[in-house]
Amino acid sequence: MDYVYILKCSDNTLYTGYTTDPERRIEEHNAGIGAKYTRGRGPVELVYLEEFSDKSRAMQREYEIKQFSKNEKLELIRKGTVN
């Protein structure tokens, strides 16, 4: 499976990413070996997760979400759930 996720960083910013293993990826972010953006912004908290059976669709969705404003992301988080 492929996943798109949103993290809430300790500075209250949001980070959107793609992974095949959400648990491992969150651990990487919190260990400071995840994305450059999340380094120094930890600990991070998983606040949104979408699952896809197709990598291409997951990556398209990641791009879509990255284009959202912070308020649009917060609305998505509010309406969605972490699986």
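Read-outs throughout are calculated quantities, based only on the coordinates presented, and are distinct from any laboratory measurement. Since the structure is predicted, the reported quantities are computational estimates derived from the model, not experimental observations. A quick note on method: Cβ atoms are made from the backbone with ideal geometry, for glycine too, and the neighbour counts reach across all protein chains shown.
Values as computed for the structure displayed
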item: Test result for Ser56, surrounded by fewer than 17 Cβ atoms within 10 Å (Cβ to Cβ), among the hydroxyl-bearing types (Ser, Thr, Tyr) and part of a loop (DSSP other than H, G, I, E, B); result: no
item: Hits in the stretch 1-45 - residues which are of a type in the set (Gly, Ala, Ser) and either surrounded by 13 or more Cβ atoms within 10 Å (Cβ to Cβ) or on the phi < 0 side of the Ramachandran plot (or both); result: Ser10, Gly17, Ala31, Gly34, Ala35, Gly42
item: Residue within the stretch 65-79 that is loosely packed, with under 13 Cβ neighbours inside 10 Å, among the hydroxyl-bearing types (Ser, Thr, Tyr), out of contact with any Pro (no Cβ under 6 Å at 6 or more places or on another chain) and touching a residue at least 12 places away in the same chain (Cβ under 8 Å) present; result: no
item: Output for the stretch 1-27, where each listed residue is more than 23 Å from Ser53 (Cα to Cα) and either touching a Ser or Thr at 6+ places or on another chain (Cβ under 9 Å) or part of a loop (DSSP other than H, G, I, E, B) (or both); result: Cys9, Ser10, Asp11, Asn12, Thr13
